[in-house]
Structures are given as structure tokens and as C-alpha cells.
Amino acid sequence: MFSTKAEFKEAFLNRVERTSGKSFAETTPSDQFQTLGNMVREYISLNWIRTNEHYRSHRQKQVYYLSIEFLLGKLLGQNLLNAGIYDLVKEGLSELGIQLSELEEIEMDTALGNGGLGRLAACFLDSLATLDLPGHGLGIRYKYGLFEQKMVNGYQVELPEQWLKHGHVWEVRKADLTMEVPFWGRVETENDNGRLTFHQLDAEYVSAVPYDIPVIGYKRKTVNTLRLWSAEPSRYMPNKDVMKYKKDTEAISEFLYPDDAHDEGKILRLKQQYFLVSASIQSIVKNYLSQHKQIRDFHRYTAIHINDTHPALAIPELMRILIDKLGLGWDEAWHITSHTFCYTNHTTLSEALERWPVRLFQPLLPRIYMIVQEINERFCQQLWEKYPGDWERIEKMAIISYGEVRMAHLAISGSYSVNGVAKLHTEILKKREMKRFYEFQPEKFNNKTNGVTHRTWLLKANPELSHLITESIGNSWIREPEKLSLLKQYEDDWLFLEQLKKVKAARKEILAERIWKQNGIKVDTHSIFDVQVKRLHAYKRQLLNILHILYLYNRIREDSTFSIYPRTFIFGAKASPGYYYAKRIIKLIHSLAEIVNNDPIVNRFIKVIFLENYRVSLAEEIIPAADISEQISTASKEASGTGNMKFMMNGAITVGTLDGANIEMLERVGSESILIFGLTSEEVMKFEKDGGYYSREYYHHDKRIRRAVDRLVDGLLPDSEQFEVIYDSLLEGNDQYFVLKDFSPYVAIQEKAGYLYEKEQERWLRMMVQNIAQSGYFSSDRTVQEYAKEIWKIGKYGNRD
Ligand code: 26Q
């Protein structure tokens, strides 16, 4: 290996030639990337082995984080930083005439997730390893990650994301640890001397082959593991149509969340879920039994976290292994199981609550269905004892009801801990969504406010700001983000504020360059960069942002004396392929951009930019450049949000509603440093319950609203017939997300933002400092530490320096 720059250069030169079969001069950036990736993996491999050995020999309690999504992004830069060799490698390469940034560009994003939930899992892995905690991820190695978004005439087109085309340098295939996952077949019950045993006959087996990815702690010796399962045909192939079997098998790990509109798609999703949990539970149990004699103590050495309900079948799967494979009785198996699992809920939107029709579930997973039935019966029995005669309550809480398996009910009943992801979210779960479960077992419920890793969203994404921070307060914030509060002392430091201003300006230049390259539009870097980047969803209200832009357009066009400080509105968003309303909103942003950007009167003041194919690596470029962070969901709908935190630590000022973690951001920074507007969650929930909101009243009584809304369909915008459904949703559909209700306060807060930015620069800079300084709480290190202490009950191992 290497420990100096000279050694690195020599090793790199040697290796790149040997592996590519070319002279150094002939090697391509792609050859160089592969070589560097392999070298880094080898560099940390001894620590990886040692970490595993250590966990084994000390029989330390382990936590396994089961998630159907891991949204990792690019790994090279972070791995170099965490391994502590970023500068050495950068300089070494530079001396060989290679830009490290160019090699970083080559890597494809590992986009095995849709958005918040998958990215949270990635941040947790970084924090677990950095805190020397024995925590590992388990997921699926989808051949195609989240689709690549191509914009064609303003319409989103989805292309398969071929992230594995050139292989994946970070993974290690471990074929010897393959697990066999059974589907279909039938269950035969046998009476074995008075004890019932169960055998799944004629099952179709699928091989789950693990690919391990190292998770390197920041400047730690700890290297944990993310294990991703790939589906392959099994040796125990059914003796029927082999080609069909092969195709069906490989389909399991082919796509992230395939279409679920039809039964066929649904079966595939259910197969994916069971595939993940069966392989994972088998592997966890096997690993446990290699170190411990007694399965009885399993839960004392293992915590298994289920990330939303998608992996909730892990609960009956562990029961199956304990009963059918290890011969335990039901009660003992249930004791272990219900002391092993913990569950996080990430959403209260009822359409996202998973339910599986029994008619699909039972034939695909016959033994698991039997177990779920038994769990349900015993659970209902317990309810009956507590609430005798209260049929209505029992039916509402049952795990199986009206021909459906309710995954959230299964997850709650089989877990010892249930948590929401922000204070408000947890309160809503307790008071509304899971009210009856909370009444039944209040001790299970707790809150764990989300966090994100500063080492990605500040250290890696914004080296300029990181440098300034480190120069001012030292580098302890990297491992202890709460130390950022030391920045408070620079609030009135004129020199510091000047430097902060320069850093933001530099980041805006970088983003402007990207916009020029991608969109061919020159943006004014002195304008306010007002950014909304996140998945496209009605509840996130990109439409409110758009209506504000239409309002400004109207004002500028109609009143020649009207003037505002220039603004660049920047959007990035993917819409789910089958979510037609969301796709229309994307089209609307493009039509609006076309009109605004090409109108010489209007474009002096405002511009609208849509950045295609929003993803982790693009977020790393956009977020550091933002002046304003748009977090404008309808109050009560956004469980937490995590983008809000990433903007905060990069010194953007939040324009936001009292929703999700925005509320806790307000608590931390104070009302002077965040721009809050709009309905409260109580007000929203009251309207939803009792009625009393009539969007037409707002349309008729507020001229600004009427004229902005009419713009959707009056022919101003190209392809405006596309926007009738949006217009109708606001008026005919009575504006389910209260866009018109919040319009006026939104305009007012935006005016305030513009005023502060233009007229009170120093105050704005102080607000930025306050946001960065208070962002430490929103570190996933804090979140993970809370999980470790209060839920998983795992400790760090000694001093591993
Ligand atoms: C459910 C049923 C059937 C098919 C798909 C789904 C499904 C898929 C993905 C349900 C939910 C998701 C993803 C949810 C998600 O990303 N939630 C976000 O989680 C973040 C991390 O906790 C929060 O910050 C966000 O507020 C929340 O929206």
C-alpha cells in the first residue's frame, strides 16, 4: 500500500498500466477511475476485515438497518475523505497531470432510492461508521436504479439508469454467502409427536447473492458493511420452463420500485420485499449462530431496524426461521422477535400506507401468510382482553382485514419501538394516524428527528465553506457537528461576514457555469438564487412557487414602475412515472421558463431554470449555491424533510411552512433567522376534518390570485391545454393542498426575503451564520446516537483510535 504521495504515485502508475494493458499516456479517465477505486478499496480492506473480526470476537450487539432503498450517490470523493487520503491523492494525481475532480465525474451515482427515505439511510451509514457503531445496511442491488430523467420539449422522459454498465468498483461479490429464498408452493403440516411442524413443498427457490460495499468511518478504523442482494437462478431450479424461471428470477432485482398499477407489478414488489428480508434474516441468524450457542439470546445481541413498512415481512420471516428451522415454540419465538425489531414511519399520507391483497399474498408466500394470520389472531386476542366487546376498535387495528394485510399494523405489533422522524410527525402519528396503537402501547412510541451527514453535505459538497469554517473554529465540527455553534462568535465579525459572502458568490458562479452548460442560459450571479429541489409531489407545492412567479410576471408586465431585486428561480425534480399530475407541473415549469426567460422586460428581473435529472451529485452542486431554500409543503404533510437541513448548513435562508423539521429549525435559529409563513398543521387538519375552506373565495376575492391562476390556461404559456387539470385541481377540486389559502402570506414572506437580501445585507449574512451555527443538531450523528442509546441499546466498542 501507500502512505506517502510518492508511494501513491508509483503504485497508481504501475497499477493503471497493468490493469488497462496500456501505457500511462494512453489510459483514459475511466481506466484511471477504476484503478483509483480499486486502490482505495484495498487501502481500507485491512480495516474492513479487522472491524468484522472485532465484532465477531467481542460478540458485540449489532444493528441491521433493513431498507428497500439506499441512495448513496457517488462514493469516490467521500471514501477518500473518510479514509483521510483526499489531499494526498488529489495532489499525487495532479502531479501526474490528472484532475481528481475529473475522475469523480466519471463515477455514476448509485441511485438505489427515490428520495428522502433512501438518502436518510445513506446518511445513517456514514454516521454509524464514523461513530464506531456496529451498524450495517441491508438492501437490494437493483440492476437499474432510479430512472434517468431526460427532458424533451418540457416533458419528462424516463431512461433506465445503467449504473452497473462498467461494473461497480466498490462492491465485493460473496457468492459463498448466497441464501436461498422460497416463493410459491404449499405448506404441509406434520404432527411430530404432538408438536406441529411445517414444511413448504414445491417452492420455487431464488438465490440471493450478496454484494458487500465498505462503509468507511470518517478518519476511523471502523469499516462497516452495506450488503446488497442480487437475485439469481437457484441450483434448486423448478423443473418447468427454465427460461421463464430465469427471467422471473432476475426480474426481482432488476428495477427499483417497478410499476405497481397492475397485479403483476404488485406481485413483483412483494417479491422484492420478501427477497430482501428473507435473505437478510437468514444471513443475520447464520452470522449470529456462528458466534453464539443459544438462539435464545438473539435479541440481546441483535437489533433489526425496518425502514418504513417495506421490509416489515422480516417479522414473520424471523418467526419462520425460529420455528420451522430452529424448532422453537411460538411463544419463545415471539418473545425473541418482538424484542428484536424497531420500525420507523416516514409518511402519514394514506396513499403511501402499504396494504397487500390476501389473494396475492397468500399464494406467493404461503408459510409467511400462515404466520401473519397467527400473529393477527393473537394480537386481536390481546386487544379483546383489553377492550372486551369493542369490535370496531379491534377491526380497525387488525393486521388482516377486508382481504388485506396492513403492513403498518404488522410492523407496529412486531416491534418494540415505533418512531416518527420529526416532533410534529410523531405527534400526528400518536394523535391521529396511529392513535389506537398509541393508546394500546404508548411505551413503544418515540420521536427521532432526522439528520443528515455534514461530511457529505458540507465537507464534501462545499469545500469553500468548510475551509472558512475550519479556519475560524478548527476542524472538530467534522466529527462533532454541534461544534458549529462556535461560529456564533463571528456573527458580528465584519471580516468573517465578507468571506462568507465571497464563498457564497463563488458557489453561485460554479452553479451558474453548470446552468450555462446544461441549459444554455446565462444567469446573473448577483441575483437571488431561490431554489426548490426535491421530488415532485402535490403536497410539496411546487405549484405555490410557480404561482408566485406568475404573479411577479403579471406585475412586471403590467406596471412599468414595478421593480424587484433580481431573482433566479431554480427547480429540480423527478416525477414518479405514473404520476400524471406531477408530470404536468414539470411541463408547467418549462412553459413558464420559456415565457419568462425570453421576455426582455421580464428577464431583467426574474429567470426560471429547471435542472434536468436531479440526483445526489447534482444536489451537491446546487445546495451550496442557494440563497433561499423553499420548504413550502402543506403543514402536516411533510414528515420531516431533510433537504431543508442540507440548505441550512450551507447558509441558505429557509422560506418555509410550519411543517416537519422546519418547526425544529425555527426553534433552533429563532424567528429572526427563518422565514415562516402559512397555515399551521392544526388549521390544515381542522379544515380537512370540518370543512370550511373554499378555494373559489380566494380566487374571486384576491385579484392577484385570480390573475396568476388564469395565466395557467389563458394561452400565455406554450401547450397551455396541458395545464387545465392543474387549474381544475385548484378550483373544481377545491385545492386539496391549500395553495390559494397560503398564497398571500407566501407573497408577503417572499417580499420580505427580497427586501432583506437587498437592503439589509449584513443582517442577511448574520442570518446565514446563525443557520450554519445551529445546523449541528440536524446532523445524522446526533440522530444515530439517539437511536443507538434509546432504541438499539448498542454501545461503541472501547477506544478504537
Ligand atoms: C408505498 C407503497 C407502495 C409503493 C411504494 C410505497 C412507498 C415508496 C416510497 C412509500 C413511501 C416511500 C418513500 C417515502 C419517503 O421518502 N419519505 C420521506 O422520508 C424522509 C426521511 O424520513 C422524510 O424526510 C420525508 O419527509 C418523507 O417524505
Query raised in the report: With a 10 Å Cβ neighbour count serving as the proxy for reagent exposure, in which order, fewest first, do Lys508, Lys325 appear?
Result: Lys325, Lys508
Query - Farthest toward positive dipole pole in the chain [+1 Lys/Arg, -1 Asp/Glu at C-beta], among Phe341, Trp356, Gly194 - result: Gly194
Query raised in the report: Non-local amide H neighbours of Ser401 (under 5 Å, H modeled in plane, Pro and chain starts lacking H): which ones?
Result: Arg406
**Report entry** Qualifying trypsin sites (Lys or Arg not before Pro) for the range 707-801 [loop in DSSP, other Cβ within 10 Å: at most 16]
**Finding:** Lys793, Lys796, Arg800
Query - Over the range 261-381: Rg over Rh, Cα atoms, Kirkwood Rh - result: 0.97
Requested in this report: Just report the Cα centroid separation between the range 215-231 and the range 766-780, whole Å.
Outcome: 28 Å
Report summary line: With a 25 Å threshold on alpha-carbon distance, the violating pairs from Lys386/Lys444; Lys396/Lys431; Lys423/Lys587; Lys430/Lys789; Lys165/Lys246; Lys271/Lys793 are Lys423/Lys587; Lys271/Lys793
Requested in this report: Evaluate the Debye formula for the range 480-520 with equal point scatterers sitting on the alpha carbons, no solvent, and hand back log10 of I(q)/I(0) at q = 0.16, 0.18, 0.32 Å⁻¹, in q order, two decimals.
Outcome: -0.59, -0.65, -0.97
Report summary line: Projected onto the charge dipole of the range 483-524 (unit charges on the beta-carbon of Lys, Arg, Asp and Glu, signs +1, +1, -1, -1), the Cα from Val503, Ile515, Gln489 with the largest positive-side position is that of Ile515
Requested in this report: Determine ³J(HN,Hα), in whole Hz, for all residues of the range 189-195 in sequence, where each value follows from phi through the Karplus function 6.51 cos²θ - 1.76 cosθ + 1.60 and θ = phi - 60°; x replaces Gly and Pro.
Outcome: 9, 10, 9, 9, 6, x, 10
Report summary line: Honestly the chain on the Cα gyration tensor test (a ≥ b ≥ c root eigenvalues; a/c under 1.5 rounded, otherwise a/b vs b/c for prolate or oblate) is just oblate
Query raised in the report: Of the listed peptides 462-470, 287-295, 645-653, 445-453, what is their order by residue-averaged count of other C-beta atoms within 10 Å, with the highest listed first?
Result: 645-653, 445-453, 462-470, 287-295
Report task. Tabulate in residue order the Karplus-calculated ³J(HN,Hα) for the range 59-76, using 6.51 cos²θ - 1.76 cosθ + 1.60 with θ = phi - 60°, rounded to whole Hz; enter x for Gly and Pro. Result -> 6, 6, 4, 10, 10, 10, 9, 8, 8, 6, 9, 9, 9, 7, x, 7, 10, 4
Query raised in the report: So what are the ³J(HN,Hα) numbers for the range 277-282, from phi and the Karplus equation (6.51, -1.76, 1.60; θ = phi - 60°), rounded to whole Hz, Gly and Pro as x?
Result: 6, 5, 4, 5, 5, 4
Query raised in the report: For the peptides 312-320, 550-558, what is the packing order when you average, over each peptide's residues, the other Cβ atoms within 10 Å and list the highest mean first?
Result: 312-320, 550-558
Query raised in the report: Where does the chain land at 222 nm, in deg cm²/dmol rounded to the nearest 500, when only DSSP H runs of n ≥ 4 count, each adding -39500 (n - 2.57), divided by all residues?
Result: -14000 deg cm²/dmol
**Report entry** Ranking of Tyr565, Tyr369, Tyr236, Tyr274 by count of other Cβ atoms within 10 Å, fewest first
**Finding:** Tyr236, Tyr565, Tyr369, Tyr274
Query raised in the report: Looking at the square roots a ≥ b ≥ c of the eigenvalues of the Cα gyration tensor of the range 181-280, which shape do they give, rounded for a/c under 1.5, prolate if a/b is larger than b/c, or oblate?
Result: oblate
Requested in this report: Sort Tyr43, Tyr257 so the one with the fewest other Cβ atoms within 10 Å of its own Cβ comes first.
Outcome: Tyr257, Tyr43
Query raised in the report: Relative to the Cα centre, what is the charge dipole magnitude of the range 520-643, using +1 at the beta carbon of each Lys and Arg, -1 at the beta carbon of each Asp and Glu, and rounding to the nearest 20 debye?
Result: 460 debye
Report summary line: The long-range amide H neighbours of Lys143, using H built 1.01 Å from N in the peptide plane and a cut-off of under 5 Å, are Glu254, Phe255
Query raised in the report: Residues with beta-carbon under 15 Å from that of Ile400, excluding Ile400: net charge, scoring Lys, Arg +1 and Asp, Glu -1?
Result: 0
Report summary line: Treating only Lys and Arg (+1) and Asp and Glu (-1) as charged, each at its beta carbon, one finds that the chain has a dipole about its Cα centre, in Debye to the nearest 20, of 1180 debye
Report summary line: Checked the range 477-610 against the a/c 1.5 cut and the a/b vs b/c comparison, axes a ≥ b ≥ c from its Cα gyration tensor; verdict oblate
Query - 5 angstrom amide H check on Ser417, placed H, neighbours 5+ away - result: Tyr343
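None of the figures in this text is laboratory data; all of them are computed from the coordinates on show. All of these numbers come straight from a predicted model, not from anything done at the bench. Every residue, glycine as well, gets a Cβ built from its backbone with ideal geometry; the counts of neighbours run over all protein chains shown.
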